[in-house]
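Asker: One structure coming up, written as structure tokens, with questions to follow.
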Amino acid sequence: MNAQLRKLPIGIQTFENIRREGYVYVDKTALIYRLVTTGKPYFLSRPRRFGKSLLLSTLESYFEGRRELFEGLAIADLEEAWQEYPVLHLDLNAEKYDAPEQLGGILNRHLNQWEDRWGREEREESFSDRFSGIIRRACEQTGQPVVVLVDEYDKPLLQALQDSFLLEEYRKTLKAFYGVLKSSDRYLRFVFLTGVTKFSQVSVFSDLNQLTDISMLPQYATLCGLTHGELERDFNPEIGRLEEQEGVDREEILRRLTRMYDGYHFSENTEGVFNPFSLLKAMALGEIGSYWFESGTPTYIIEMLRKYAVLPSEIGGEEASPSDFNVPLELATNYMPLLYQAGYLTIKGADLEFDAYMLDIPNKEVRVGLMKSLIPSYVTSDSHEVNSVVRNLARNIVRGDMDEALKLLQAFLSTVPYCDNTDYEGHYQQMMYVIFSILDNYVD
């Protein structure tokens, strides 16, 4: 099949649309079947643009009993009953949370939609009371327990990290709202929450036995993201197109894609996965470029790095225990939980005898993108100037003209104004580190 005729699901997060409209779908349904038949309340942490929304949409279609959408997929041979359940799908991803009313507004919209179908009692006034009533009535009216799916449960809290008042307001609201999931357990068939981090002071995580966190379980390490095997199995036409575009053979294309987008490990000794958003975009456009950072760098990442005074050269290449990096962000005492959970660091090895994991930057795309985002803090606010210097440095180094490369670097550094941050040698060392990391060179 011509690669140009294939529809790749870039930004398509609805399972029904992917299946009905003929988009390429990488079959994850065997893992989904294991998930839905072995437990009930789950939490999964993955970086942004890693397919969490599509996973929840797939679960929604499964629990609605829509067997026709799964024809030809692994789960079609595994599931026999195809029971229909009432599904409550809460998506907190599509709002900007910069005022107390923003969270209330989106919760109210979802509650209104559910109440239009399942009704409302007059005495139900608070968000939590309304949510509890909806769950109970949906179960009683259908005779089936309810499925609750929450996408990006923590986004309001993440956006309010730098505003202590707003963070506390959101925390109180969500603590009561999510607390309903525990008190309504007898009415629930399945609960699945996705997000970036576990906020310990939110009710669903206050009891360790409430939610099963599958974020670091080996059996679900590839639930989101694409494996090397899936790439070679499902994307042969696109790989062929890249071979033509780049003028190299298949082996070289796979090597370049792996170096650029692969390298994420969410458990020890498990298969690595590619960033699905960037990989699909590269294959759709026929060009291996940096796409994850183009889709936006969360401002809280840069702000938290400044808070912890993290030097660029310190990021990655460090051993840590899970208690150092797999902890709620509000309990973090260093930068590792933030960067690990957001996808800027990943597991590269483990020495389980000593509870030690090696954390490092996943791949070239993340390394170069992260260093570019740090340019205003360490070099200059003019990113165009830096990119120009880096580009010309690369040309000189490739041509072997080191004298010209050093002259260019000296001329550039002389233009950096002195300030509180640049009156000591270390700052210039970090500038050099950033510049040469953008060149994708090893720097020590």
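The values are calculated or read from the model by the stated rules, or taken from the named source; none is laboratory data. Values in this document were obtained by computation on a predicted structure and should not be read as measured data. Using ideal geometry, Cβ is built from the backbone for each residue, glycine included, and neighbour counts are taken over all protein chains shown. For accessibility, only protein heavy atoms count, side chains too; no ligands or nucleic acids. Shrake-Rupley method; radii C 1.70, N 1.55, O 1.52, S 1.80 Å.
Asker: Given the options L305, L279, L254, L231, name the one that is part of a helix (DSSP H, G or I), in contact with a helix residue (DSSP H, G or I) (Cβ under 6 Å, 6 or more places away or on another chain) and under 24 Å from G369 (Cα atoms).
Answerer: Details: L305 fails: in contact with a helix residue (DSSP H, G or I) (Cβ under 6 Å, 6 or more places away or on another chain); L254 fails: in contact with a helix residue (DSSP H, G or I) (Cβ under 6 Å, 6 or more places away or on another chain); L231 fails: in contact with a helix residue (DSSP H, G or I) (Cβ under 6 Å, 6 or more places away or on another chain).
Exactly one residue qualifies, and that residue is L279.
Asker: Also, I was wondering about something else. Are any residues in the range 291-314 of a type in the set (A, V, I, L, M, F, W, C) and either open to solvent by less than 30 Å² (accessible area, probe 1.4 Å) or under 15 Å from R48 (Cα atoms) (or both), and if so, which ones?
Answerer: So in the range 291-314, the residues of a type in the set (A, V, I, L, M, F, W, C) come out as 292-293, 301-302, 304-305, 309-311.
Result: W292, F293, I301, I302, M304, L305, V310.
Asker: Another one. Just checking, which of L174, L158, L223, L193 is in a strand (DSSP E or B) and crowded, with 20+ Cβ neighbours inside 10 Å? Step through it out loud before you land on a result.
Answerer: Details: L174 fails: in a strand (DSSP E or B); L158 fails: in a strand (DSSP E or B); L223 fails: in a strand (DSSP E or B).
Matching residue, one of L174, L158, L223, L193: L193.
Asker: Quickly run through the range 62-105 and pick out the residues that are more than 22 Å from the chain's Cα centre (by Cα) and of a type in the set (G, A, S). Give the steps one after another, and end with the answer.
Answerer: Kept after step one, since they are more than 22 Å from the chain's Cα centre (by Cα), are these residues of the range 62-105: 62-88, 99-102, 104-105.
Answer for the range 62-105, where residues must be more than 22 Å from the chain's Cα centre (by Cα) and of a type in the set (G, A, S): G65, G72, A74, A76, A81, A99, G104, G105.
Asker: Still on this structure: Out of all the residues in the range 343-355, which are open to solvent by less than 10 Å² (accessible area, probe 1.4 Å) and of a type in the set (G, A, S)? Even if it seems obvious, please write down each step before you answer.
Answerer: Just the residues of the range 343-355 that are open to solvent by less than 10 Å² (accessible area, probe 1.4 Å), to begin with: 343-347.
Passing the criteria: only G343.
Asker: While we're on this one: Can you find even one residue in the range 207-217 that is part of a helix (DSSP H, G or I) and either among the basic types (K, R) or more than 20 Å from N93 (Cα to Cα) (or both)?
Answerer: Going residue by residue through the range 207-217, those that are part of a helix (DSSP H, G or I) are none.
Scanning the range 207-217, I find no residue that is part of a helix (DSSP H, G or I) and either among the basic types (K, R) or more than 20 Å from N93 (Cα to Cα) (or both), so the answer is no.
Asker: Hey, L352 hits all of (1) modelled with pLDDT of 85 or more; (2) over 20 Å from the mean Cα position of the chain (by Cα); (3) under 23 Å from S200 (Cα atoms) but one; which does it fall short on?
Answerer: Single failed check for L352: (3).
Asker: Taking into account only those residues within the range 82-106 that are in a loop (DSSP other than H, G, I, E, B) and open to solvent by 50 Å² or more (accessible area, probe 1.4 Å), which is farthest from R171 (Cα to Cα)? Before you say what the answer is, go through the steps one by one.
Answerer: Residues of the range 82-106 in a loop (DSSP other than H, G, I, E, B): 82-86, 92-99.
Subsequent filtering for residues that are open to solvent by 50 Å² or more (accessible area, probe 1.4 Å) retains 83-84, 93-94, 96, 98.
Details: Q83: 35, E84: 33, N93: 17, A94: 19, K96: 16, D98: 14 Å.
Going through the qualifying residues, I end up with Q83.
Asker: To continue, here is another question. Give all pairs with beta carbons closer than 7 Å in which a residue from the range 60-77 that is at positive phi meets a residue that is surrounded by fewer than 19 Cβ atoms within 10 Å (Cβ to Cβ); count only pairs at least 6 apart in sequence or on separate chains.
Answerer: G65/W82; G65/Q83; G65/E84
Asker: Assess whether R123 counts as being over 17 Å from G195 (Cβ atoms) and more than 30 Å from the chain's Cα centre (by Cα).
Answerer: Numbers: over 17 Å from G195 (Cβ atoms): yes; more than 30 Å from the chain's Cα centre (by Cα): yes.
It is true that R123 is over 17 Å from G195 (Cβ atoms) and more than 30 Å from the chain's Cα centre (by Cα).
Asker: Go through the range 315-335 and give me each residue that's at pLDDT 90 or above and open to solvent by less than 20 Å² (accessible area, probe 1.4 Å).
Answerer: A320
Asker: Give the residue, chosen from R255, R241, that is in contact (Cβ under 8 Å) with a residue 12 or more places away in the chain and either of a type in the set (K, R) or in contact with a strand residue (DSSP E or B) (Cβ under 6 Å, 6 or more places away or on another chain) (or both).
Answerer: On the way: R255 fails: in contact (Cβ under 8 Å) with a residue 12 or more places away in the chain.
Exactly one residue qualifies, and that residue is R241.
Results for (1) more than 16 Å from P276 (Cβ to Cβ); (2) outside any helix (DSSP H, G or I); (3) in contact with a helix residue (DSSP H, G or I) (Cβ under 6 Å, 6 or more places away or on another chain), shown as yes or no for each residue.
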site: F43; (1), (2), (3): yes, yes, no
site: S53; (1), (2), (3): no, no, no
site: E60; (1), (2), (3): yes, no, no
site: H110; (1), (2), (3): yes, no, no
site: W114; (1), (2), (3): yes, no, yes
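Asker: Could I ask something else about it? Exactly one condition in (1) under 26 Å from F63 (Cα atoms); (2) modelled with pLDDT under 95; (3) aliphatic (A, V, I, L, M) is false for L188; which is it?
Answerer: Among (1) under 26 Å from F63 (Cα atoms); (2) modelled with pLDDT under 95; (3) aliphatic (A, V, I, L, M), the lone unmet condition for L188 is (2).
Asker: Looking only at the range 26-41, count how many residues are out of contact with any Phe, Trp or Tyr (no Cβ under 8 Å at 6 or more places or on another chain) and in a loop (DSSP other than H, G, I, E, B).
Answerer: 4
Asker: May I ask you to list the residues in the range 1-55 that are farther than 20 Å from F70 by Cα, within 22 Å of the chain's Cα centre (by Cα) and open to solvent by less than 40 Å² (accessible area, probe 1.4 Å)?
Answerer: P41, Y42, F43, L44, S45, R46, P47, F50
Asker: Among the residues of the range 116-132, write down those that are farther than 24 Å from T14 by Cβ, of a type in the set (D, E, K, R) and part of a helix (DSSP H, G or I). Step through it out loud before you land on a result.
Answerer: Of the range 116-132, the ones farther than 24 Å from T14 by Cβ are 119-130, 132.
Retained after the next criterion (residues that are of a type in the set (D, E, K, R)): 120-125, 129-130.
Those that are farther than 24 Å from T14 by Cβ, of a type in the set (D, E, K, R) and part of a helix (DSSP H, G or I): D129, R130.
Asker: Output the qualifying pairs, or none if there are none: Cβ atoms under 7 angstrom, residues six or more apart or on different chains, first residue in the range 115-142 and over 18 Å from A176 (Cβ atoms), second residue open to solvent by 30 Å² or more (accessible area, probe 1.4 Å).
Answerer: If the second residue must be open to solvent by 30 Å² or more (accessible area, probe 1.4 Å), the pairs left are W118/Q141; C139/P145; C139/Y187.
Asker: Of the residues G317, G343, G286, which is at positive phi and touching a Pro at 6+ places or on another chain (Cβ under 6 Å)? Show your work before the answer.
Answerer: Numbers: G317 fails: touching a Pro at 6+ places or on another chain (Cβ under 6 Å); G286 fails: touching a Pro at 6+ places or on another chain (Cβ under 6 Å).
Answer to the selection: G343.
Asker: Can you tell me which residues in the range 135-155 are under 30 Å from the mean Cα position of the chain (by Cα) and either of a type in the set (D, E, K, R) or assigned to a helix (DSSP H, G or I) (or both)?
Answerer: I135, D151, E152, D154, K155
Asker: Can I ask one more? I need the full set of residues from the range 388-405 which are more than 15 Å from V434 (Cβ to Cβ) and surrounded by 15 or more Cβ atoms within 10 Å (Cβ to Cβ), in order please.
Answerer: N392, N396, I397, E404, A405
Asker: Next question. When the range 62-73 is examined, which residues are found to be in a helix (DSSP H, G or I) and out of contact with any strand residue (DSSP E or B) (no Cβ under 6 Å at 6 or more places or on another chain)? Give the steps one after another, and end with the answer.
Answerer: Restricting attention to the range 62-73, the residues satisfying the condition of being in a helix (DSSP H, G or I) are 62-63, 67-70.
Y62, R67, E68, L69, F70, listed by residue number.
Asker: Quick one: what pairs do we get from the range 270-290, first residue at pLDDT 95 or above and open to solvent by less than 10 Å² (accessible area, probe 1.4 Å), second of a type in the set (S, T, N, Q) and part of a helix (DSSP H, G or I), C-beta under 8 Å, 6+ apart or different chains?
Answerer: F274/T258
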